[in-house]
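The structure appears right after this line, and notes come after that.
Only the coordinates and a few stated rules stand behind these numbers; no lab work does. What you see is a predicted model, and the numbers here were worked out from it, not measured in a lab. For neighbour counting, all protein chains shown are included, and Cβ atoms are generated from backbone atoms with ideal geometry for every residue, glycine included.
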Amino acid sequence: MKRDEAPQDNIAMYHGGRKALYAVADEGKFEITQSSGWSVEEMATLQAVDEFERLEREAYREFSEGKNSPLGVWMYRRRMSIATLSQCSDFWQWSIKRHLKPDVFKRLSPKKIALYCDIFDITAAELFNPKEPK
Amino acid sequence: MSKAFVHSHAAHCESGVVSSLLTHAGYPISEAMAFGIGNGLTFAYLPIVKIDGMPLVAYRMPPKSILKTVEKRLGLEVKIKKYSNPQSAREDLIKMVDAGKFVGLQTSVFYLPYFPPEMRFHFNAHNLVVYGKNDTGFLISDPVFEHPVEAEFNALDKARFARGVFAPKGACYTIEKIPERIDLAKAIKKAINRTCNMMLYTPFPWVGLRGIGMMKRAILKLPTYPHKRYASLYLGHIIRMQEEIGTGGGGFRLMYAAFLSECAEVLGREELKTASSMMGEVGDKWRVFALSCSKACKGNEYSVEEIAQKLQECRDSEERVYRFLKGLKL
């Protein structure tokens, strides 16, 4: 990649920032070049963000229909999967899957609720009643 | 050590922090050089280790390995500290900063307030340098940002004590001592040979060139998955690991090309310049590969054979570089 070939797609998620890329400068040497982003990278990142938002909306729909506990909504809102949440909480993945059921979630001990609140950085009231996603 | 801090913009967080700390400790070294002698370059494809349901794809060595390898190669003395609670970690950091030290930290990207919201994911091994403080928080030189940034005390506590894989546990490190004589040429030779050996002759099927082959076979199997979305997310995941902030483009290959061209000057070997431009072409090939993956993600018609072919070209041209470097008998 030559210096003038470094992508300058002005991608929105950099919010005007730029990142460092290595490109061939004038004397054939590789040097750091500022790039305002590459649309390929933007597409991939937004795809990952969209996927979490889609899962969050789905979890919210199931929560409002009473099929799912609010835990799922917060999990995806904080961009976590069951595996990530399991690593953060030290619960087994199967226990988290159980906590996703409304009946089980209602009966969770205050200690476990407090741990989830700590992980998501919210109060217990917020944990039980998540706002509708945008 | 109490001189002013100069922020420099780097491509990758860990090599950027190592370069910045070493430079301020009195041994000026570029990011690419730190990355190269730290054996940062690799390829690994681990289908068993999942990140949000996707296999782990890495173009560089695991976190902390650059720091530790550079420490070993140059004979530095690096002090790494971990803490059991945020309070003592913060107090200790304030003490170090007040003493005029520049401190490297391991943090989670998700909790860093100055990161754009779209780019916050649960990645626990982001490195940055704290070089001072004001009334509300710490002054931070984050190598992947163009300018210095700030983070409030509480926010940084959260980022330093994130849970999960690679949990930082407040890890912070300072360079305590640099040996009087450093044999850079020797460190370079060792590092290049080690990287070549790892890429060419690894016994593990998921590392090095063999790992690239494994990813190629996995891509060829994508059409057999029942969910169409999976293939799209899978290819998007590969792009993110390769091109998202912190790689310098082309999955670190372009940064390694910069390293090789610097080595040519240090060792006085013209052939390394050839190796550098060969590696530059490898980086470009990886970018072409990412481009063809992105076309597939957008839902256009695509053939996995074509994508796999692009990947094969990356693999073959990489092999040529490593064989060439081995042939130099450094």
Q. For helix B:184-201, what angle does its Cα long axis make with the longest principal axis of chain B, in degrees from 0 to 90 and rounded to 10?
A. 40 degrees
Q) So which lysines pass the test for residue A:106, namely a Cα distance under 24 Å, with those fewer than 8 places away in the same chain ruled out? A) A:67, A:97, A:131
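Within a 10 angstrom radius of the beta carbon, how do B:9, A:15, B:237 rank from fewest other beta carbons to most? Don't skip to the answer; put the middle values down first.
On the way: B:9 18, A:15 11, B:237 22.
Going from sparsest to densest Cβ surroundings: A:15, B:9, B:237.
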Q. Once label points are set 7 Å from the Cα along Cα→Cβ at both residue B:185 and residue B:274, what is their separation, rounded to one decimal in nm?
A. 2.1 nm
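When A:26, B:135, A:9 are ordered from fewest to most other Cβ atoms inside 10 Å of their Cβ, what list results?
Details: A:26 8, B:135 5, A:9 14.
Sorted ascending by nearby Cβ count, the order is B:135, A:26, A:9.
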Q: Could you list the GluC sites (Glu not before Pro) in the range B:204-271 that lie in coil according to DSSP, counting only those with at most 13 other Cβ atoms within 10 Å of their Cβ?
A: B:270
Q) What residues qualify as long-range amide H neighbours of residue A:2, i.e. H under 5 Å apart, gap of 5 or more or another chain, H built at 1.01 Å from N? A) A:24
Q: Would you please classify the overall shape of the protein assembly as shown from the alpha carbon gyration tensor, given that a ≥ b ≥ c denote the square roots of the eigenvalues, rounded means a/c under 1.5, and beyond that prolate means a/b larger than b/c while oblate covers the rest?
A: oblate
**Q.** Kirkwood hydrodynamic radius of the range B:187-330, from inverse mean 1/r over distinct Cα pairs, in Å
**A.** 16.1 Å
Q. Using a cut-off of 24 Å between alpha-carbon atoms, which lysines can reach residue B:82, once sequence neighbours fewer than 8 places away in the same chain are excluded?
A. B:64, B:68, B:72, B:95, B:101, B:133, B:158, B:169, B:177
Q. Counting Lys and Arg as +1 and Asp and Glu as -1, each charge on the Cβ, what is the dipole of the protein assembly as shown about the Cα centre in debye, to the nearest 20?
A. 1680 debye
Q: Give me the lysines in straight-line cross-link reach of residue A:134: C-alpha distance below 19 Å, same-chain residues under 8 apart excluded.
A: none
Q. Arranged by the count of other C-beta atoms within 10 angstrom, fewest first, what order do A:92, B:206, B:286, A:74 take?
A. A:92, B:206, A:74, B:286
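With charges set only on the Cβ (+1 for Lys and Arg, -1 for Asp and Glu), what does the dipole of the range A:48-128 come to about its Cα centre, in debye to the nearest 20? Before the final figure, lay out the partial values.
Working: 14 positive and 12 negative charges, 71 e Å.
It comes to approximately 340 debye.
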Q | Gap separating the Cα centres of the range B:186-260 and the range A:16-82, nearest whole Å | A | 20 Å
**Q.** Per-pair calculated FRET efficiency, R0 = 35 Å: residue B:328 and residue B:230 via Cβ, rounded to 0.05
**A.** 0.20
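Which trypsin sites (Lys or Arg not before Pro) in the range A:50-84 pass both tests, a DSSP loop state and at most 14 other beta-carbon atoms within 10 Å? Mind showing how you got there, number by number?
Details: sites: A:54, A:57, A:61, A:67, A:77, A:78, A:79; in loops: A:67, A:78, A:79.
Passing sites in the range A:50-84 are A:67.
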